[in-house]
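One structure is given below, encoded as structure tokens.
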Amino acid sequence: MEYSADEFDVIVIGAGIMGSSTAYQTAKRDQKTLLLEQFDFLHHHGSSHGESRTIRATYPEDYYTPLVLESYKLWQEAESEIGYNVYFKAHHLDMAPANNKVLHAIVESCGKNSVPFRVMNRDQLDREFSGRVRIPEDWVAVATEHGGVIKPTKAVSMFQTLALQNGAVLRDNMEVKGVERDGVRGGVWVCTENGERFWGKKCVVTVGAWTTKLVKTVGGIELPMQPLETAVCYWRIKEGHEGGFAIGGDFPTFASYGDNYIYGTPSLEYPGLIKVAVHGGCPCDPDKRPWGPGNPLAPNTLTPLKEWIEGRFSGMVDSGGPVATQTQLCMYSMTPDEDFVIDFLGGEFGKDVVVGGGFSDHGFKLSPVVGRILADLALSGEAQGVELKHFRIARFQENPKGNVKDFL
């Protein structure tokens, strides 16, 4: 189909990691694609910048693991096309009290999805990592080969470059104010703040923390997504031990379940520092962030984090306090059940507008497969080989809390 300069097969709104991955997918399939971003490309206002993200296949929800396994392949495929790496391989370690329901669900999910794993007690873990990682006597650890670290800003740039190389049109500083149904020819009109209008056969909305606002404006739907502003902490590895915690060796990405959900990565972005942080943050309005020096880590969060580091790393990491805290680094869009929203907007738009959002602090690793799914939905009306029932918008009408999870 021949289109004019302002007409496209697919218009993707939002050029963070999900939108950039989607634009890459649609452009790669020879669809005339427009990718719009309200700020500069590679900006620091949203959820897709920074120095590192964890990738892991160990999920208590068994429907995520197949998506992660596909994402590993898609990350490597994109890397082969661009010619550089954004994914750095590591093993992964989950740890928790032996009776922890989340860890039990992770083991069940690994078994169901044929992910090889090992369960280790305190002594076995101590031998495995030569004392670098230790757990209490009544804890256990689950080790898998499916871990790793992704460089976020570099990954967004990769997908945008590949989209451009495949013929996509990229426009930044284009804030979208509305999407309107074209009742005459079908498709939609995407309207920007500066008065420009673009026609698209299909539209994909991937605007991160702005999803609730834009979806309400466009479709009148109230999505229960809460943007959170978070902080990432880096802790100093004591002199002489730096190599034992560095990426490229045997030190894993890790997650700890208990009173707090604590996660981290091997030393990569800052030599001699290791990232250890707490899942969560402070509610915020993405359009009214303070941008001040304040630290979203409350004292009741920082104290147990210090204690956790002292207890796990055998004194090899300084637990006195983080030496670098990137405050207001990133926003996460949290749903009540922490599951994604991947669905058609419906209503007057039918299947012409697809929404991807609510990635709840664990979506980045899955961006290649999410982009593939969103492209499938926009172009064919269904996603190949994926069950999307857990990601429906309608689940919140059935239960305001979303999906029910037995391990919580």
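The values are calculated or read from the model by the stated rules, or taken from the named source; none is laboratory data. In this text the structure is predicted, and so the values were computed from the model without any measurement. All Cβ positions, even for glycine, are placed from backbone atoms using ideal geometry, and neighbour counts span all protein chains on display. Note: accessible area is taken over every heavy atom of the protein model, side chains too, but ligands, DNA and RNA are not part of it. Shrake-Rupley method; radii C 1.70, N 1.55, O 1.52, S 1.80 Å.
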key: Selection status of Val355, outside any helix (DSSP H, G or I), open to solvent by less than 10 Å² (accessible area, probe 1.4 Å) and more than 30 Å from Asp259 (Cα to Cα)   = yes
query = Taking segment 256-265 only, how many residues are in contact with a helix residue (DSSP H, G or I) (Cβ under 6 Å, 6 or more places away or on another chain) and either open to solvent by less than 10 Å² (accessible area, probe 1.4 Å) or more than 18 Å from Ala231 (Cβ to Cβ) (or both)?
reply = 2
ask   = Does Glu242 satisfy the condition of being within 30 Å of Ser319 (Cβ to Cβ) and either among the hydroxyl-bearing types (Ser, Thr, Tyr) or modelled with pLDDT under 95 (or both)?
value = no
Filtered residues of segment 316-333 (kept if open to solvent by less than 20 Å² (accessible area, probe 1.4 Å) and out of contact with any Phe, Trp or Tyr (no Cβ under 9 Å at 6 or more places or on another chain)) = Cys330, Met331
request  = Quickly run through segment 108-125 and pick out the residues that are part of a helix (DSSP H, G or I) and either modelled with pLDDT under 95 or more than 25 Å from Gly249 (Cα to Cα) (or both).
outcome  = Glu108, Ser109, Gly111, Lys112
key: Total residues in segment 378-391, condition open to solvent by 10 Å² or more (accessible area, probe 1.4 Å) and either assigned to a helix (DSSP H, G or I) or acidic (Asp, Glu) (or both)   = 6
query = Just for segment 210-255: of the residues that are of a type in the set (Ser, Thr, Tyr) and in a strand (DSSP E or B), which one is surrounded by the most Cβ atoms within 10 Å (Cβ to Cβ)?
reply = Thr253
query = Condition test on Gly311, is it modelled with pLDDT of 95 or more, open to solvent by 30 Å² or more (accessible area, probe 1.4 Å) and either basic (Lys, Arg) or farther than 27 Å from Thr144 by Cβ (or both)?
reply = no
inquiry  = So, in segment 31-73, how many residues would count as being open to solvent by less than 10 Å² (accessible area, probe 1.4 Å) and closer than 20 Å to Glu387 by Cα?
reply    = 7
query = His49: modelled with pLDDT under 95 and either outside any loop (DSSP other than H, G, I, E, B) or more than 26 Å from Ala246 (Cβ to Cβ) (or both), yes or no?
reply = no
inquiry  = Yes or no: segment 37-52 includes at least one residue that is more than 30 Å from Thr192 (Cα to Cα) and in contact (Cβ under 8 Å) with a residue 24 or more places away in the chain.
reply    = yes
inquiry  = Which residue is nearest to Pro66 (Cα to Cα), if the candidates are limited to segment 112-125 and must be free of Cβ contacts under 8 Å to residues at least 40 places away in the same chain and open to solvent by 50 Å² or more (accessible area, probe 1.4 Å)?
reply    = Ser114
key: Residue among Ile11, Ile55 that alone is closer than 30 Å to Leu408 by Cα and at pLDDT 95 or above   = Ile55
ask   = How many residues are among the small types (Gly, Ala, Ser) and under 21 Å from Leu268 (Cα atoms) when one looks only at segment 67-99?
value = 2
query = Are any of the residues in segment 126-143 outside any helix (DSSP H, G or I), touching a residue at least 40 places away in the same chain (Cβ under 8 Å), loosely packed, with under 15 Cβ neighbours inside 10 Å and charged (D, E, K, R)?
reply = yes
task = Could you please tell me which pairs satisfy a Cβ distance under 7 Å, a separation of 6+ or placement on different chains, a first residue in segment 91-108 that is closer than 19 Å to Gly311 by Cα, and a second residue that is in a helix (DSSP H, G or I) and open to solvent by less than 30 Å² (accessible area, probe 1.4 Å)?
result = Asp94/Leu103; Asp94/Ile106; Ala96/Val102; Ala96/Leu103
remark   = Screening Ala78, Ala96 for residues that are assigned to a strand (DSSP E or B) and surrounded by fewer than 24 Cβ atoms within 10 Å (Cβ to Cβ) leaves only Ala96
